[in-house]
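Enquirer: Below is the structure I would like to discuss, written out as structure tokens.
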Amino acid sequence: VPLVEYKNKKITKHNDRIGRTCSNTYLHTVHLGYDFITDVLELRLPPLPGSDNSLWYSLLYALLEGASMKLGIDRSEINGSVSYDNAGIGLTPRLILFDEVPGGAGHVKKISQNIEDVIMAARRKVSGICGCGEETSCYGCLRNYSNQLYHDIVKRGLAMEYLDYIMD
């Protein structure tokens, strides 16, 4: 069910997007949204001293890549996000994994049932066989088109260190 919210605001003279004077006197802001019902897996993991967003996003994408590799799930059919309670200050975030298929395809359920295998596969994925340095990532380990906003902060070595920490 699409959700649409309109807000009309009286505006003064302004230019359009190509620089010409616009004769419109009302600005219409439109907020679009959509209810997307799917399967979700919430992971609450133990904190690692000194951890930051870089660690959590690196770990998230390592787990997604590991699940894809180990369970034969098309990577475009699963995704995830990092979620904080309140303002996120001093708190360990939750990793939220979800099916990208409307209604869910059962991938997240499969991940939850095989979480140890997924963690082991994630650890192999960030082990360095891709050839990139620990302080970065590449398309052989953590990067893909859908996470390009995080390419600057995902680091293979952080995910590897954390996975070693929780596997001991």
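The values are calculated or read from the model by the stated rules, or taken from the named source; none is laboratory data. The shown structure was predicted, so the numbers you read here are calculated from the model rather than taken from an experiment. When we count neighbours, we look across all protein chains shown, and the Cβ atoms used for this are built from the backbone with ideal geometry, even at glycine. Side chains are part of the model used for accessible areas, which takes the heavy atoms of the whole protein and leaves out ligands, DNA and RNA. Shrake-Rupley method; radii C 1.70, N 1.55, O 1.52, S 1.80 Å.
Enquirer: Helix 115-125 against the longest principal axis of the chain: what's the angle in degrees, Cα atoms only, rounded to the nearest 10?
Expert: 90
Enquirer: Something else: With axes computed from alpha carbons, what is the tilt in degrees of helix 53-71 against the longest principal axis of the chain, rounded to the nearest 10 within 0 to 90?
Expert: With both axes taken from Cα atoms, the answer is about 70 degrees.
Enquirer: Over the chain, calculate the relative contact order: mean separation of alpha carbon pairs under 8 Å at least 6 apart, over the residue count, as a percent. Mind dumping the intermediate values first?
Expert: Working: 272 pairs, mean separation 40.0, N = 168.
Here the relative contact order equals 24 percent.
Enquirer: For the full complex of protein chains and a 1.4 angstrom probe, list ASP99, ASP35 by accessible area with the highest value first. Walk me through the intermediate numbers first.
Expert: On the way: ASP99 0, ASP35 90 Å².
So, going from the largest accessible area down, we get ASP35, ASP99.
Enquirer: Please identify every one of the GluC sites (Glu not before Pro) in region 91-168 that sits in a loop by DSSP and has no more than 14 other beta carbons within 10 Å of its own beta carbon. Intermediate values should be presented prior to the final figure.
Expert: On the way: sites: GLU100, GLU116, GLU134, GLU135, GLU161; in loops: GLU100, GLU134, GLU135.
Listed in order of number, the matching sites are GLU134, GLU135.
Enquirer: What is the distance in Å between the Cα centroid of region 88-150 and that of region 54-81?
Expert: 3
Enquirer: D for region 57-168, whole µm²/s, Stokes-Einstein with Kirkwood Rh over alpha-carbon pairs at 4 °C and 1.567 mPa s: what number? Mind showing how you got there, number by number?
Expert: Working: Rh = 14.2 Å.
The Stokes-Einstein estimate is 91 µm²/s.
Enquirer: Now a separate question. Quick check: net charge around LEU55, other residues with Cβ under 11 Å of its Cβ, Lys/Arg +1 and Asp/Glu -1?
Expert: Numbers: positive: LYS155; negative: ASP52, GLU161.
Net local charge, LEU55 excluded: -1.
Enquirer: Here's another thing I want to ask about it. When the solvent-accessible surface of protein heavy atoms is calculated with a 1.4 angstrom probe, in what order do SER127, SER76, SER58 fall, highest first?
Expert: Numbers: SER127 50, SER76 85, SER58 0 Å².
Largest accessible area first, the residues go SER76, SER127, SER58.
Enquirer: Next question, about the same structure. For LYS155, what is the net charge nearby, where nearby means another residue's Cβ is under 13 Å from its Cβ and Lys, Arg count +1, Asp, Glu -1?
Expert: Details: positive: ARG143, ARG156; negative: ASP52, GLU134, GLU135, ASP152, GLU161.
Neighbourhood net charge equals -3.
Enquirer: Then there's this: Might you tell me the accessible area per residue for region 34-168, computed with a 1.4 Å probe and given in Å²? If you can, show how the numbers build up before the last one.
Expert: Numbers: 7180 Å² over 135 residues.
Solvent-accessible surface per residue comes out at 53 Å².
Enquirer: Taking only DSSP H segments of four or more residues, each worth -39500 (n - 2.57), what value at 222 nm results for the chain once the sum is divided by all its residues, to the nearest 500 deg cm²/dmol? Could you put the intermediate results ahead of the total?
Expert: Numbers: 4 runs with 49 residues, N = 168.
Taking each H run of at least 4 residues, the total per residue is -9000 deg cm²/dmol.
Enquirer: First compute the accessible area of region 126-168 with a 1.4 Å probe, then give the percent of it belonging to carbon and sulfur atoms. Write down the numbers at each step before the final one.
Expert: Working: 1260 of 2480 Å².
Of the solvent-accessible surface of region 126-168, carbon and sulfur hold 51 percent.
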